[in-house]
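The structure appears right after this line, and notes come after that.
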Amino acid sequence: MMKNLKLNQKKILVILPFYFNYQNQILDCLKSNGAKVYLIDEDVNEFNFWNKVASIYFKSIYNTILQKYYNTQFAKLPDTLDYILVIKGSTLSEERIKYLRQHFGNAKFIMYQWDSVTNFQKAKEISKMFDYCYTFDPKDAQKYRWKYRALFFDPRTCKEVCKKKYDLTFICSLHSNRAKVFQETKKIAEKKKFTFFNYIFTNKWSYIRQKYLKKNHSFNIKMNEIKFSPLSINNTTKIYNQSKCLIDYKFPGQEGLTMRTIESLGHKCKLITNNQQIKYEDFYNPKNIWIYDIDNFDIPEEFVRSQYEEISEEIYSKYTIQGWVEDIFQC
């Protein structure tokens with residue numbers, strides 16, 4: 001059910017990492033609801049190599065870089081704002097949030113976390129400076145009394161394909177146990193004659209350093225099976241539309257549903273995941289979702305070969321970017 005969202009002519013600042021085009025999905029949705037939107041990319045480390053080096057080895061220089069950057073970005077803002085939404089906030093200090101508070105005192109301040117506190121401790125520090133706090137992690141929501149709200153998919157990228165090309169699809173960056181999931185899936189695909197699309201990517205120097213210098217078993221995968229740049233968002237969504245099942249692996253210690261999980265809903269793919277939390281979600285259906293044990297890995301043939309069962313239109317709409325915006329801006 002669509003909420004009575006009143007964003008027409010509202011001025012909204014969104015500070016977030018520009019990542020896999022999600023910022024443009026949020027921008028387009030807010031604009032389609034009549035809002036005037038200002039975006040700031042918080043991922044300053046990705047602007048150039050020297051910023052990344054400074055963030056690790058030269059903290060005082062890095063703080064100066066951040067100060068100059070945010071001063072420039074804040075100078076472009078209008079005199080008044082109605083909402084300020086911060087997604088993650090990795091480069092936002094308390095001083096910078098205080099500055100926004102002082103200059104835009106009438107704005108509603110909203111924080112959304114798409115990472116777990118286990119992996120991003122700073123979220124606890126900055127949360128007290130916001131009027132409303134949301135998280136994709138249900139355990140964090142319970143622990144810190146934030147509101148639980150899962151991620152979203154963009155229905156514009158979801159196309160109905162009658163004949164699926166791939167039985168199994170695994171697209172991911174290389175970290176933790178994902179190499180093991182890839183190797184086990186490859187064995188099962190060969191044994192059960194599943195068509196298998198995989199795209200595992202990482203930084204080339206990171207791969208060499210982790211595998212050959214640090215002897216990291218998490219990188220135990222051949223170089224010719226690795227890609228050294230991510231698949232474009234357009235190509236990713238094309239592959240999803242042609243896939244029967246998407247394979248997901250959550251970070252250790254993370255309970256929130258990955259973007260891959262929510263995208264499987266949008267593209268009407270079955271999901272193969274290690275996240276036990278999914279059993280408590282409103283869209284859970286064991287005919288569409290297989291929960292695996294990484295130490296006893298298997299994918300049943302019947303699960304892959306059987307048809308996807310449609311979910312209700314109400315639940316489907318809830319997880320669209322429009323549904324996400326309605327929940328986040330209901331305050």
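One table, with the values for the structure above:
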quantity	calculated
Close pairs from the range 58-69: first among the basic types (Lys, Arg), partner surrounded by 13 or more Cβ atoms within 10 Å (Cβ to Cβ), Cβ under 7 Å, at least 6 apart	none
In the range 245-258, the residues that are open to solvent by 50 Å² or more (accessible area, probe 1.4 Å) and over 14 Å from the mean Cα position of the chain (by Cα)	Pro252
Subset of the range 266-290 (residues that are open to solvent by less than 60 Å² (accessible area, probe 1.4 Å) and out of contact with any Cys (no Cβ under 9 Å at 6 or more places or on another chain))	Thr273, Asn274, Asn275, Gln277, Ile278, Glu281, Phe283, Asn285, Ile289
Residue selected from the range 291-326 under the condition touching a strand residue (DSSP E or B) at 6+ places or on another chain (Cβ under 8 Å) and closer than 20 Å to Cys158 by Cβ, by the criterion surrounded by the fewest Cβ atoms within 10 Å (Cβ to Cβ)	Tyr308
Matching helices (runs of 4 or more DSSP H) fully within the range 131-233 where at least 3 residues are without any contact (Cβ under 8 Å) to a residue 40 or more places away in the chain and exposed (fewer than 15 other Cβ atoms within 10 Å of the Cβ)	178-192, 204-208
Condition check for Ser116: open to solvent by less than 10 Å² (accessible area, probe 1.4 Å) and within 17 Å of the chain's Cα centre (by Cα)	yes
Top-ranked residue of the range 34-57 - restricted to ones that are modelled with pLDDT of 95 or more and in contact with a helix residue (DSSP H, G or I) (Cβ under 7 Å, 6 or more places away or on another chain), ranked as most open to solvent (accessible area, probe 1.4 Å)	Leu39
Residue within the range 12-19 that is surrounded by fewer than 17 Cβ atoms within 10 Å (Cβ to Cβ) and either among the acidic types (Asp, Glu) or assigned to a helix (DSSP H, G or I) (or both) present	no
Hits in the range 279-307 - residues which are outside any loop (DSSP other than H, G, I, E, B) and of a type in the set (Val, Ile, Thr)	Ile289, Ile291, Ile294, Val304
Check on Lys88, open to solvent by 30 Å² or more (accessible area, probe 1.4 Å), within 26 Å of the chain's Cα centre (by Cα), touching a residue at least 40 places away in the same chain (Cβ under 8 Å) and more than 27 Å from Asn8 (Cβ to Cβ)	yes
Residues (open to solvent by 80 Å² or more (accessible area, probe 1.4 Å) and acidic (Asp, Glu)) located in the range 68-85	Asp79
Filter result (out of contact with any helix residue (DSSP H, G or I) (no Cβ under 9 Å at 6 or more places or on another chain) and over 25 Å from Lys214 (Cα atoms)) within the range 163-185	Lys163, Thr185
Checking Ile65 against (1) at pLDDT below 95; (2) more than 28 Å from Met259 (Cα to Cα); (3) open to solvent by less than 20 Å² (accessible area, probe 1.4 Å), the condition it does not meet	(3)
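The values are calculated or read from the model by the stated rules, or taken from the named source; none is laboratory data. On a predicted model such as this, the values are computed, not experimentally measured, just so you know. No Cβ is skipped: glycine too gets one built from the backbone with ideal geometry, and neighbour counts run over all protein chains shown. For the accessible areas, the whole protein counts, side chains as well, though only heavy atoms, and no ligand, DNA or RNA atoms are used. Shrake-Rupley method; radii C 1.70, N 1.55, O 1.52, S 1.80 Å.
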